[in-house]
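Here's the structure, in structure tokens; my notes come after.
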Amino acid sequence: MSKFDRDPPSPGSKTRPARSAFPGQSPGALGALRAKLGEEGYGKLMAIDNPILHDFIAKYIELCEPERVFVSSGSPEDIEYIREAAIRSGEEMRLAVEGHTIHFDGYWDQARDRENTLILVPKGTAPMPYVRTGDREERLKEIHEIMKGIMRGHEMYVCFYSLGPTPSPFSIPCVQITDSSYVAHSENILYRQGYEAFRRLGRAARFFKFVHSQGELDERKCSKNIAKRRIYIDLEEETVYSVNTQYGGNSIGLKKLSLRLAIRRASKEGWLAEHMLIMGVRGPGGRRTYFTGAFPSLCGKTSTAMLEGETIVGDDIAYLHKRGGEVRAINAEKGIFGIIMGINSRDDPIIWKVLHRPGEIIFSNVLMTEDGGVYWIGKDGPIPPRGHNHSGEWWIGKRDANGKEIPPSHPNARFTVGLEPFENLDPRWDDPEGVPVGAIVYGSRDSDTLVPVEEAFDWEHGIVTKGASLESETTAAVLGKEGVREFNPMSNLDFLSIPLGEYIRNNLDFGKGLEKPPKIFSVNYFLRGRDGAFLNDRNDKRVWFKWMELRVHGEAGALDAPTGRIPPYEDLRRLFKEVLGRDYAEGDYAEQFKIRVRENLAKIERIMRIYESVPDTPKRLFEILEEQKRRLIEARGRHGDYISPFDLAPAR
Ligand code: SPV
Ligand code: MN
């Protein structure tokens, strides 16, 4: 019996909306689709007073030709229906622990597809360096051809969400159409429900739209037509189309697909949509200072958000708005789609605990053992000899068609879980007004240039030399050579939907008119010594965050370096003792915090070359980099290529 032969259980919603909620409203195009929607689904849609929404849904039912349509109001019954649908369809399998399921993406569908993700622009638009674009008319035609009948035999899910708390002036309502119960299930875990927001806002809703189809599936329920994988972002209609893929970064509309739409909207409206964590850092007397932080994938973002003793608001997408002279941040999400590789009981005790308790979690692309357990690279304990993973049946030593040994789990394997079970969840994580931002941190993987922590002189200096100049070395999780420096401004490069120059200008302008702009810092957990070993322990970041927290309140010292302000030894020695209970040797400090003039100058040259090729780069960016270069050359004249932090004067 195929998965479509069975009748689905009745959703049986208790919050059944009245069908005549808007008596004057014409059923429009939806009227003809009543049979496919069922009375209940039709009623749910008609209870929202928004003909544009209705026409949009009708258009894709007609084009994609699903066998039936399920409309979710976000009620507990509807959420349960989708959870069950994911099992029934075979997209997820139950594991031994209650609430745990596993999903596999196809072997060639394990990460974001940069190549086939395009921002659609009208003919004649000037090329945008670092933004992949496609001709809007041609690409819309192409993807609509691909979508014709693509959902035949599948159930379509129509779901409503909110990026951000409900209600909140900063939030964006979204509608997701998908034929993947795994995608809908993931979104129910990761995002706030938005059906009520749509009902409340009616025609005033300015919503994002997402249409996704996994396309034809193979016997393992994985997308088959990978050659026709396409992710097209239509800025004009604020709509994203994604087909023939399942991997979350390509398919979950509200994640990175929405980030592209949000960056464009933010630039028009003067706010920031960022690839950032949000966390609370405790200071003296129970004070809590909120930080946001941008880190490229696999550079410590989630582990920073989970820092022992601190609190988490979000780990991936932050919206930053100005209110009453300060910056406010909301987490667009309410869950984590986290990298699981390397998570172990010693280094990640909080995540470890959540991953081992009963409760709703989707594991993706890890190894499933015969007893319904899971294993991933770097987990405590021995590697199971066999099981099932993203390559199908797996055993130690198995090789793929190219002769490459297949690890037990994919390096980009993930866990999807809500924030609620985390013991470090910040009490204000869902505050509709957001949390006030005291500091912004830019992190990168850098073996030889940046000191472990450094404060920018001011907002513009931070945006230019820390955010806009961010470079990070590639890791095993990215295809291609390891250890190659990649330019990744604000760690948002993959998600840019507007010209880079405009994006930088919006960031610079955002700092204007603030009473007390957030301080900006850089952190680098990956500095290496001459022998190639890391200079810092992974726990040292706990100290860097305490120093930064004190700096926000003017309660710690700093030394003036040509590149910014660094912590004095005395402050760090005290903090290492207080936070980690250990001594911090003067020699370690001298090595970690020496200013590497040569490497810093080389970096400025690289960044200058890049921005010289970017039209409309704000002049201010070049001025600030030139000033930094001058300071470095001047300091080199006095101290040579490597400056000891003990030679630096206290900041004024
Ligand atoms: C990242 O890679 O930054 C992620 C996962 O958060 S994805 O959804 O693929 O973007
Ligand atoms: Mn991310």
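The values are calculated or read from the model by the stated rules, or taken from the named source; none is laboratory data. Computed from a predicted model, the values in this text were never measured in an experiment. Please note: Cβ atoms are built from the backbone with ideal geometry, for glycine as well, and neighbour counts cover all protein chains shown. Note: areas computed on protein heavy atoms with side chains; ligands, DNA, RNA excluded. Shrake-Rupley method; radii C 1.70, N 1.55, O 1.52, S 1.80 Å.
Here are the numbers for the structure shown:
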{"item": "Pair A96, A227: separation of 7 Å Cα→Cβ label points (nm)", "result": "4.2"}
{"item": "Pairwise label distance in nanometres, R114 with E80, each label 7 Å out on the Cα-Cβ vector", "result": "4.5"}
{"item": "Of the trypsin sites (Lys or Arg not before Pro) in the stretch 270-303, those whose Cβ has at most 16 other Cβ within 10 Å and which sit in DSSP loop", "result": "R287"}
{"item": "Dipole of the chain, positive end: most advanced residue of V183, V453, F56 [Cβ charges, Cα centre]", "result": "F56"}
{"item": "Within-11-Å neighbourhood charge of R530 [Cβ basis; K, R +1; D, E -1]", "result": "-2"}
{"item": "Net charge over other residues, Cβ less than 11 angstrom from the Cβ of M608 (K, R count +1; D, E count -1)", "result": "+1"}
{"item": "Relative contact order %, the chain, counting alpha carbon pairs below 8 Å whose residues are six or more apart", "result": "12"}
{"item": "For the stretch 514-652, size of Cβ-based charge dipole, Lys and Arg +1, Asp and Glu -1, in debye", "result": "180"}
{"item": "Square roots of five times the Cα gyration tensor eigenvalues for the chain, Å", "result": "43, 28, 24"}
{"item": "Positive-end extreme of charge dipole, the stretch 354-467 - chosen from T416, G381, L355 (charges on Cβ)", "result": "G381"}
{"item": "Dipole magnitude (debye, nearest 20) for the chain, charges at Cβ of Lys, Arg, Asp, Glu", "result": "740"}
{"item": "Overall Cα dimensions of the stretch 403-551 - principal axes, largest extent first, Å", "result": "58, 38, 36"}
{"item": "Rel. contact order, % - alpha carbon contacts under 8 angstrom, at least six apart, the stretch 337-418", "result": "42"}
{"item": "Calculated FRET value between A29 and I87, using beta carbons and R₀ = 45 Å, to 0.05", "result": "0.85"}
{"item": "Of every Cα-Cα pair in the stretch 337-418, the percent that sits beyond 17 Å", "result": "45"}
{"item": "Sites A533 and I396 - FRET efficiency at Förster radius 30 Å, r taken between beta-carbons, to 0.05", "result": "0.55"}
{"item": "Relative contact order [Cα under 8 Å, 6+ residues apart], the stretch 363-482, whole percent", "result": "19"}
{"item": "Gain in span if fully extended, E142 to E308, counting 0.36 nm per residue against the direct Cα distance", "result": "54.9 nm"}
{"item": "Counted charge near M147, where neighbours are those whose Cβ lies closer than 14 Å (Asp, Glu -1; Lys, Arg +1)", "result": "+2"}
{"item": "Rounded accessible area of K123 (nearest 10 Å², 1.4 Å probe)", "result": "140"}
{"item": "Antiparallel bridge percentage (DSSP; both residues within the chain; nearest 5)", "result": "65"}
{"item": "Paramagnetic label zone (point 7 Å from Cα along Cα-to-C-beta, R582; backbone N under 19 Å) in the stretch 509-530", "result": "524-530"}
{"item": "Percent accessible area from carbon and sulfur atoms, the chain, protein chains only, probe 1.4 Å", "result": "50"}
{"item": "Simple Cβ-charge dipole of the stretch 337-418, Lys/Arg +1 and Asp/Glu -1, about Cα centre, in debye nearest 20", "result": "100"}
{"item": "Residue-normalised accessible area of the chain, expressed per residue, 1.4 Å probe, Å²", "result": "39"}
{"item": "Given K256/K516; K148/K255; K516/K619, the pairs whose alpha carbons are separated by over 27 Å", "result": "K256/K516"}
{"item": "Cross-link pairs beyond the 27 Å C-alpha cut-off, checked among K36/K123; K268/K519; K519/K629; K59/K228", "result": "K36/K123"}
